[in-house]
Amino acid sequence: MKRRTALAITGAVLAATVLAGGAVAGDRDYVLLSHPEAIDGRSFIDGSGAKYRLHAVIAPRVDQECKGVGGEPYACGEQSRDALARMIDGILTCDLVGRDDGEWQSVRCFDFAGRDIASRLIALGWALPDRSVGTLDYVMDELEAEAGRLGLWQNGFVDPSRWRAGVRL
């Protein structure tokens, strides 16, 4: 009876932590997150202040502009962030991949239905695969977005890494 009570209490604490917007990491291979806040199109923060970046993904900075269908500029960086915000508005399971630059945890995240967040974000055209990490993950998703002229692929954009270096449309 004591074991069942202990298991019930552990389960209740786990559920309360996740529902309160915190993170739960068991053996440090993964983390459960609840409703984290999107910072940009690839980065987010949880209720405890821990910072995460989607592994093998690059996305526009929030202030980046792209060309829309008619050639007019639009705030693609904000739209990328908003797309990520919609996708992570719930409970996520994130595999811990490593640390980026000390304070950012590199993660591969899945929603409640088991869908890869980065794959969806790239397939909708709001982010790109980061080939510099030595993986071809998400390349097919990128081709799908480009063929459909979705998101960043509407009419033209500066690669986010070049935008960070000062290149503009």
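Side notes on the structure shown:
- Of the residues in the stretch 75-85, at least one is more than 14 Å from the chain's Cα centre (by Cα), closer than 30 Å to Leu169 by Cβ and not charged (D, E, K, R).
- Scanning the stretch 147-164 for residues that are over 17 Å from Leu84 (Cβ atoms), among the hydrophobic types (A, V, I, L, M, F, W, C) and not in a helix (DSSP H, G or I) turns up just one, Val158.
- Count of the stretch 123-151 residues which are in contact (Cβ under 8 Å) with a residue 40 or more places away in the chain, closer than 24 Å to Leu169 by Cα and touching a strand residue (DSSP E or B) at 6+ places or on another chain (Cβ under 6 Å): 3
- Here the stretch 48-60 is the region considered, the condition is being part of a loop (DSSP other than H, G, I, E, B) and out of contact with any Ser or Thr (no Cβ under 8 Å at 6 or more places or on another chain), and the residue that is surrounded by the most Cβ atoms within 10 Å (Cβ to Cβ) is Ala50.
- Among the residues making up the stretch 133-160, a single one is at pLDDT below 90 and among the polar types (S, T, N, Q): Thr135.
- Here is the figure for the stretch 88-146: residues that are of a type in the set (Gly, Ala, Ser), buried (at least 17 other Cβ atoms within 10 Å of the Cβ) and not in a helix (DSSP H, G or I) total 3.
- Test result for Gly71, among the small types (Gly, Ala, Ser) and free of Cβ contacts under 8 Å to residues at least 40 places away in the same chain: no
- Conditions (1) within 17 Å of Asp46 (Cβ to Cβ); (2) touching a Phe, Trp or Tyr at 6+ places or on another chain (Cβ under 7 Å): number failed by Glu146: (1)
- So Asp63, is it at pLDDT 95 or above, acidic (Asp, Glu) and exposed (fewer than 12 other Cβ atoms within 10 Å of the Cβ): yes
- Residues that are of a type in the set (Gly, Ala, Ser), modelled with pLDDT of 95 or more and part of a loop (DSSP other than H, G, I, E, B), drawn from the stretch 9-46: Gly41
The values are calculated or read from the model by the stated rules, or taken from the named source; none is laboratory data. Predicted, not measured: the structure shown is a model, and the values here were computed from it. Ideal geometry is used to build each Cβ from the backbone, glycine not excepted, and the neighbour counts take in all protein chains shown.
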